[in-house]
Amino acid sequence: MTLPEVLAPLATRPGVAGFLTDFDGTVAPIVDDPARARPRADALGALGRLAGRLSLVAVVSGRPVAFLREHVPLEGVVLVGQYGLERLVDGETVVDERVDAFSESLAAAAAEVERRWPTLYVERKGAAAFGVHWRTRPEAAPPPGALEDLASAHGLSVSASRMAGEVRVPVPVDKGTVVRSLLEDRGLAVCAFAGDDHGDLPAFAALTERARRGDGFVGAKVAVRSPEAPPALLEQADLVVDGPAALAARLEDLVAELRRRA
């Protein structure tokens, strides 16, 4: 298939181009049990090939870096976890030092969630967050505002997700701050970001903000459609693809175009 026009600048300027992607719902299909999520083999293959041709290829996720490292074992692909609170640097997981102050509060909040909603799955995500999932038990979901109130009582915050909520330490990072940092550190003039959920909106905003400087930067916002994708994400996207399989196909199109131009 022909490379979509919005991705063409990555092929014409690969030395200053980056492709960043979320994990769940983008390169990995959504599954009922988060621990069983696995990336598509074709998506992994394409990301690995892009890593040898673009200035930057990165996975930017709410998952812990340890999980990403296990399931995205690709040389040259940058891994950023916990919305920017964890990064893989020289083979080691580096955690934002501001997280330490909230370790006791996070543990206490997780224990309280397990007491109040014992049938829900609480996903421990290292030192920075834990997820509360009700995809398999929608009837047992916390009442509106209840999870937020619990988190606030412990000095924490909540990020909404698909049939889930993530209780996080209140350190001001998100996928937008990650994108801004990577753009600056790598000196990128072209960058695409692929995502599927609310947490990816700040990344879209960061690309839009960067393009407004008027210095020729090109940003491409790619939304991966699903029945649960937030309308705002689809509305803001420069390109909408139908699920992880379609995203993998577009990545292969980009690889093919880069090979053609080599």
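The values are calculated or read from the model by the stated rules, or taken from the named source; none is laboratory data. A quick note: this is a predicted structure, and the numbers were derived from the prediction, not measured. FYI the Cβ positions are ideal-geometry reconstructions off the backbone, even for glycines, and counts take in every protein chain you see.
Numbers for the structure displayed
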{"item": "Condition broken by LEU68, with the remaining ones in (1) under 18 Å from ALA249 (Cα atoms); (2) assigned to a helix (DSSP H, G or I) satisfied", "result": "(1)"}
{"item": "Complete set of residues in the range 117-126 that are touching a residue at least 40 places away in the same chain (Cβ under 8 Å) and not in a strand (DSSP E or B)", "result": "LYS125, GLY126"}
{"item": "Residue under evaluation PRO73, criteria (1) surrounded by fewer than 19 Cβ atoms within 10 Å (Cβ to Cβ); (2) assigned to a helix (DSSP H, G or I); (3) not assigned by TED's automatic domain parsing to the domain that holds ALA160, criterion not met", "result": "(2)"}
{"item": "Residue list for the range 161-195, restricted to those being closer than 23 Å to ARG124 by Cα and among the aliphatic types (A, V, I, L, M)", "result": "MET163, ALA164, VAL167, VAL169, VAL171, VAL173, VAL178"}
{"item": "Answer from VAL190, VAL255, VAL222 - the residue that is touching a Pro at 6+ places or on another chain (Cβ under 6 Å), of a type outside the set (Asp, Glu) and within 16 Å of LEU50 (Cβ to Cβ)", "result": "VAL190"}
{"item": "Residue in the range 144-151 that is closer than 21 Å to GLY62 by Cβ, outside the structural domain of TYR83 (by TED's automatic domain parsing) and touching a residue at least 40 places away in the same chain (Cβ under 8 Å) present", "result": "yes"}
{"item": "Output for the range 22-60, where each listed residue is under 14 Å from the mean Cα position of the chain (by Cα), of a type in the set (Val, Ile, Thr) and under 28 Å from LEU120 (Cα atoms)", "result": "THR26, VAL27, ILE30, VAL59, VAL60"}
{"item": "Qualifying helices (runs of 4 or more DSSP H) (wholly inside the range 160-244; at least 1 residues being within 30 Å of GLU114 (Cα to Cα))", "result": "175-186, 201-211"}
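For every residue, the table says whether it meets (1) outside the structural domain of MET163 (by TED's automatic domain parsing); (2) farther than 23 Å from GLY199 by Cα; (3) of a type in the set (A, V, I, L, M); (4) crowded, with 18+ Cβ neighbours inside 10 Å.
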{"position": "THR12", "(1), (2), (3), (4)": "yes, yes, no, no"}
{"position": "ARG53", "(1), (2), (3), (4)": "yes, yes, no, yes"}
{"position": "VAL59", "(1), (2), (3), (4)": "yes, no, yes, yes"}
{"position": "GLY84", "(1), (2), (3), (4)": "yes, no, no, yes"}
{"position": "ALA108", "(1), (2), (3), (4)": "no, yes, yes, no"}
